[in-house]
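Every read-out reported here was derived from the displayed coordinates using simple, explicitly stated rules and does not represent laboratory data. These numbers were taken from a predicted model, which means no experiment stands behind them. When we count neighbours, we look across all protein chains shown, and the Cβ atoms used for this are built from the backbone with ideal geometry, even at glycine.
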Ligand SMILES: Cc1cc2nc3c(=O)[nH]c(=O)nc-3n(C[C@H](O)[C@H](O)[C@H](O)COP(=O)(O)OP(=O)(O)OC[C@H]3O[C@@H](n4cnc5c(N)ncnc54)[C@H](O)[C@@H]3O)c2cc1C
């Protein structure tokens, strides 16, 4: 490649990036989610997950799984069917770009020790650093709404829940007691 | 990803607008920072529009003109009528919006001059604008049902705008004798909140089941069917057998006359003497939209769905219930309209291309405290018309498990918290 051509290519790449930032499909699509998931995905409702700042590929995979009916949901399956791959990518990029803001929530001190132990044993291998990490495209559990995490883990354990969650989660959660789930959830609520 | 096949295409793409991004062309963006947008109505449409404009363009002058110092939400107002919540759950102030730099004016808009681009409020003050956003909600068609004029709503509340009307109906339900009859008169489509009357019936029946077990709810309907009908009927059977009767229009459900003095409701097939009468009158675009010529009385405002700009007056964007649209008249729709209108106004001011509009609606109804149902819609613009994306959206399944129903009720509450925080937070 000649130098001039290389420069032109760089310019084109830069321009395309600039164009896509402006002709903003992601925010147009992503803003429609805010009615349920909060402004820019920073949920204010304790049973709706905060999706602001989640790893892009996590959001994309979750949306695709909802769309294909692999991931269990009440309403997300119906909604995800409305979008093609390109739109789901734009939505995922939009939310990944936002800042993760931990939920301001209370937590129950008395079960934190139990929660931490369970976390070390069961969860830390993937959800590293006390659940704060986003490595391996994991969603952070630390600072996520306790109400949402409780529902998520409960539906993972529920054999009657229509379609499955990621296999790993199902097998890890299925023998947790209600008390275990509560303790784990409180532990994550206490981490920021 | 966009690629350029030849140099000419590349140069074309390198137009003035793209040069802005490189900082080597006049910054059209300043036009947005210098613009003045007047938003009329601080409800589900207007509050979001004002907030998103200010977030996107902090320098812009955004003026929100609203009649009332506090907004009282219709969503979740049926919960108050059923005794599950107080008015505080419904009531919001505008302080946070003011703190964000939006100028709040509490007054009634009396006129819009679309030629001179001036809005005039009751106190006489005038505001000129570059863009005007109109989200006034609905106006009621008094006297379309004989005897149901505005004064009658003090005796037979509509409770279809939340506030004192909600409190009045809630009190009437509380005060009813055991064995009392409540009539809900539901209008023909289209009207604000299509599942609203049927959810209300659930809330009232739930209250009766607990406290006044001999009382009943009769829904007299102008229509043959209604939103989420199969799910509602399933829920009625499951929770409220014997408490709720629905009479379709063809079966004589259409209310033609009411007499508040004798608490009598008339239909073509007879009359009912009731203890409480909740007349939901038919509706049209909010009065100011009609006055400004954006719609005929009793009708809705035609807009271009790519921008929500009025088809009648330039530079006026109409949102929410007032719009003539295939989307259900819901708070979620109004919220969705607002974001498209904001994007269109910003694109125009910044001289940027329009992004195809994304419009959705999600609506939860509570059948019982642990039994929620929902409907979702994803719309796309095809040849200027809004159509639902095939295969997407739809209602909760009829064969859902109790856990699924319980979760939908739980999510309804979080939905409400999120959408109202998005507006007023
Ligand atoms: C019982 C009931 C339950 C509902 N439940 C739901 C639900 O669960 N989910 C959902 O999505 N939707 C629901 N809705 C529908 C929802 O309330 C409306 O669709 C929504 O409020 C429409 O928003 P809007 O901005 O068009 O109007 P509004 O929210 O009514 O806002 C209009 C505002 O404009 C102001 N205004 C009007 N004219 C003027 C003027 N001339 N000058 C100054 N200010 C003016 C008004 O004071 C008002 O604050 C429900 C409705 C009812 C009646």
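Considering Cα pairs under 8 angstrom that are at least six residues apart, work out the relative contact order of segment B:42-162 and quote it in whole percent. Computed value for segment B:42-162: 25 percent relative contact order. Would you mind checking the tilt of helix B:229-239 against the longest principal axis of the Cα atoms of chain B, expressed as 0 to 90 degrees and rounded to 10? The answer is roughly 40 degrees.
Within 10 Å of the Cβ of each residue in A:68-81, the mean number of Cβ atoms contributed by other protein chains is 5. Counted over segment A:19-98 with a bin width of 10 Å, the fraction of Cα pairs per bin, in whole percents, is 20, 56, 23, 2. Any idea how far the Cα center of segment B:113-137 sits from the one of segment B:288-346, in Å? Value for the Cα centre distance between the two parts: 15 Å. Values of log10 I(q)/I(0) for chain B across q = 0.09, 0.11 Å⁻¹ run -0.60, -0.86, by the Debye formula with one identical scatterer at each alpha carbon and no solvent.
Just rank B:103, B:54, fewest to most, by other beta-carbon atoms within 10 angstrom.
B:103, B:54
By DSSP, the beta bridges lying fully in segment B:158-304 are antiparallel in about 35 percent of cases.
Three principal axis extents of chain A based on alpha-carbon atoms, in descending order, are 65, 33, 31 Å. Annotation: average projected area of segment B:161-206 is 3.6 square nanometres, based on the convex hull of Cα atoms across all directions. Per residue of chain A, the DSSP helices (runs of n ≥ 4 H) give a summed -39500 (n - 2.57) that works out to -16000 deg cm²/dmol at 222 nm.
In terms of overall dimensions, the C-alpha atoms belonging to segment B:145-268 reach 37, 31, 27 Å along their principal axes, ordered largest to smallest. Placing R0 at 30 angstrom, the Cβ-Cβ distance between residue B:304 and residue B:69 gives a FRET efficiency of 0.35 after rounding to 0.05. Averaged over the residues of peptide B:402-411, the number of Cβ atoms from other protein chains lying within 10 Å of each residue's Cβ is 4.
Look at where the Cα atoms of segment B:403-425 and of segment A:73-121 average out, and the two centres are 15 Å apart. Computed extension gain for residue B:155 through residue B:171, at 0.36 nm per residue and net of the alpha carbon distance, reaches 4.6 nm. Normalising by residue count, segment A:121-192 has a Cα convex hull of 86 Å³ per residue.
Each label point was placed 7 Å from the Cα along the Cα-to-Cβ direction; for residue B:33 and residue B:230 their separation is 5.6 nm. Axis of helix B:402-424 versus longest Cα principal axis of chain B: the two differ by about 50°, to the nearest ten degrees. Its convex hull of Cα atoms gives the protein assembly as shown a direction-averaged projected area, equal to a quarter of the hull surface, of 31.0 nm².
Compute the acute angle (0 to 90°) between the alpha-carbon long axis of helix B:331-350 and the principal axis of greatest extent of the alpha-carbon atoms of chain B; round to the nearest 10°. Result, in degrees: 10. Label sites at residue B:382 and residue A:101, each approximated as a point 7 angstrom past Cα along Cα to Cβ, lie 3.9 nm apart. Computed packing ranks the peptides B:161-171, A:171-181 as B:161-171, A:171-181, most packed first, by mean other Cβ atoms within 10 Å. Most simply put, segment B:199-283 has about 65% antiparallel DSSP beta bridges, counting only bridges with both residues inside it. Secondary structure note: in the protein assembly as shown, about 55% of the DSSP beta bridges are antiparallel.
I need the calculated FRET efficiency for the pair residue B:210 and residue B:106, taking r as the beta carbon distance and R₀ as 41 Å, to the nearest 0.05. For R0 = 41 Å, the calculated efficiency reads 0.55.
Across segment B:96-248, the relative contact order, built from alpha-carbon pairs under 8 Å that are at least six residues apart, equals 15 percent.
Here the residues A:56, A:106, ranked from fewest to most Cβ neighbours within 10 Å of their Cβ, fall in the order A:106, A:56.
Could you work out the helix-only [θ] at 222 nm for chain B, with each DSSP H run of four or more residues adding -39,500 (n - 2.57) and the total divided by the number of residues, to the nearest 500 deg cm²/dmol? When only DSSP H runs of four or more count, the value is -9000 deg cm²/dmol. With contacts taken as Cα pairs under 8 Å and at least 6 residues apart, chain B reaches a relative contact order of 17 percent.
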